[in-house]
Amino acid sequence: MNASEALDSIWRQAGLPVEALQHARLTGEDPVLPSSFAVGAAAQSTIAAAALAACELGHLRGAGRQQVAVDMRHAALDCTGWFSLDGRVPDLWDTFSGLYRCADGWVRIHANFAHHREGALRLMKLDPSAATRAEAEAVMATWHARDFEDAAAAQGLVATALRRFNEWDTSPQGQAIAAQPLFTIERIGDAPPLLLPPLREDQRPLTGLRVLDLTRILAGPVGGRALAAYGADVMLVNSPHLPNIESIAETSRGKLSAHVDLRTDAGRATLRQLAAQAHVFVQGYRPGGIAALGFGPAELARLAPGIVCVSLTAYGTQGPWAHRRGFDSLVQTAMGFNHAEGEGEGEGAGDGKPRPLPMQILDEATGYLIAFGAAAALWRQQQEGGSWHVQVSLAQTGQWLRGLGRVPGGLSIARPDLKPYAETSDSGFGRLAALRHSAHLSRTPAAWPRPSMPPGSHAPAWPTGPGQ
């Protein structure tokens, strides 16, 4: 399936007007990054879908339709998440993150957060304050891969055993994911169509819309950043006690950034006030986690009739792994992508060593599906009324990526130069260099007029006037 076909499928699944597709212009073809998977098509089609859906909502608000052009190379590089701060390119991976050879295979451990790193090392019976990577590798060589995966999951840690595609496909979780669509958009309550302010021709298509972004890594922040690029007032809500990684400097472009402590009555009251005035509520808690705090989709629909809720998970809401934590790199490993890239299927040149995809494409594509789903559900809300719930997961995106097919010769190409697509700006983190948004809107270009700022830089209150 090529990128145009993928866009068509995404668009039709959401029930959006088919005639709008003629305003999308996609150029380029895979391979654009070194992979045997169609990562370029995945990036390009989801970015185009997000931008086109925003424009279609803008059209419903009175503005003319506009052309959305996306070049595949730019889109793929956009999805690498590259950035630098004051000339320094941060190393986003902890020393203990990565693949470990076990007695009967491989395990990938995600240790970018201190509590995950320390938990994994304690599971290995190592001292977190003194252990070395070499010591961890020696211990992991004595474990069976699935045993470590299960032991880590039982402690709420993040590690997965490497699987082949056929092993994933025959697993209960693999079968649960295969039975689900790429995303779902479901009406969850009755409400009249929200009164949205009319849109001038020179205003970005989501101007005047308010989005709460309760996510941290990485798909959710990407989705919120896209909605901000198309004009929405996006408020990133962080807890003052939870850590972040340096990618927040890049994914916070265009957003307000506030602290709200949901462990307290005052914090929950503040979030209820914000949600009551929001059009979209995006969250990446494990299934049931946000509902336990009083902000599940049903509760939000009662609090703010007409709201669009977007829920992000690692492994979907069905199957035995529905409540497991997970990140892109782990889902790639569990589903079979790392093994397949290492074998070089369709290439004839693989060395057999597990190999990750060239970017966190499950995160990135899912992020743009968040933005797409939010805009599509808002469009449906304007037409049909109701409150809505959009659900996406990294594993469902992975299943879809497999369905795009393999790319002969993809592993042998070189990475293209990032420089033609980079821009610099001042931020609360320092001088930020990052990639321009890859969807080009012909009349109202995507932009991030608000600089990226550290968590807690803004008060948890909506601006009194819409952004431009």
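The values are calculated or read from the model by the stated rules, or taken from the named source; none is laboratory data. Owing to the predicted nature of the structure, the values given are computational and were not obtained by experimental measurement. Positions of Cβ are backbone-derived with ideal geometry, glycine not excepted, and every protein chain shown enters the neighbour counts. Surface accessibility is based on the protein's heavy atoms, side chains included, excluding ligands, DNA and RNA. Shrake-Rupley method; radii C 1.70, N 1.55, O 1.52, S 1.80 Å.
A few comments on the model shown:
- Selection status of Gly409, farther than 30 Å from Leu262 by Cα and either in contact (Cβ under 8 Å) with a residue 60 or more places away in the chain or touching a helix residue (DSSP H, G or I) at 6+ places or on another chain (Cβ under 6 Å) (or both): yes
- The single condition from (1) modelled with pLDDT under 95; (2) in contact with a strand residue (DSSP E or B) (Cβ under 8 Å, 6 or more places away or on another chain) that Leu92 fails is (2).
- Taken together, the residues in the range 53-73 that are more than 18 Å from the chain's Cα centre (by Cα), assigned to a helix (DSSP H, G or I) and more than 14 Å from Ala365 (Cα to Cα) amount to 7.
- Qualifying position, being at positive phi and either touching a residue at least 12 places away in the same chain (Cβ under 8 Å) or within 17 Å of the chain's Cα centre (by Cα) (or both), among Gly15, Gly40: Gly15
- Some residue of the range 92-109 being touching a His at 6+ places or on another chain (Cβ under 7 Å), over 19 Å from Tyr421 (Cα atoms) and hydroxyl-bearing (Ser, Thr, Tyr): yes
- The requirement of being under 22 Å from the mean Cα position of the chain (by Cα) and at positive phi is fulfilled nowhere in the range 111-118; no residue meets it.
Per-residue answers, yes or no, for (1) at pLDDT 95 or above; (2) among the β-branched types (Val, Ile, Thr):
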| site | (1), (2) |
| --- | --- |
| Ala269 | yes, no |
| Leu303 | yes, no |
| Ser311 | yes, no |
| Thr317 | no, yes |
| His323 | no, no |
| Phe337 | yes, no |
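- Test: residue in the range 380-388 that is touching a strand residue (DSSP E or B) at 6+ places or on another chain (Cβ under 8 Å), open to solvent by less than 10 Å² (accessible area, probe 1.4 Å) and either part of a loop (DSSP other than H, G, I, E, B) or of a type in the set (Lys, Arg) (or both): yes
Residues are listed down the side, and each one gets a yes or a no for (1) surrounded by fewer than 24 Cβ atoms within 10 Å (Cβ to Cβ); (2) at positive phi; (3) outside any loop (DSSP other than H, G, I, E, B):
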site	(1), (2), (3)
Tyr368	no, no, yes
Phe372	no, no, yes
Leu378	no, no, yes
Thr397	no, no, yes
Pro408	yes, no, no
Leu411	yes, no, yes
Asp417	yes, no, no
Pro420	yes, no, yes
Thr424	yes, no, yes
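- Sub-9 Å Cβ pairs linking a first residue in the range 153-172 that is among the acidic types (Asp, Glu) to a second residue that is surrounded by fewer than 16 Cβ atoms within 10 Å (Cβ to Cβ) and modelled with pLDDT of 95 or more, at least 6 apart or interchain, are Asp169/Gln175; Asp169/Ala178, ordered by first then second residue.
- Residue in the range 249-260 that is surrounded by the most Cβ atoms within 10 Å (Cβ to Cβ), counting only those that are among the small types (Gly, Ala, Ser) and part of a loop (DSSP other than H, G, I, E, B): Ser252
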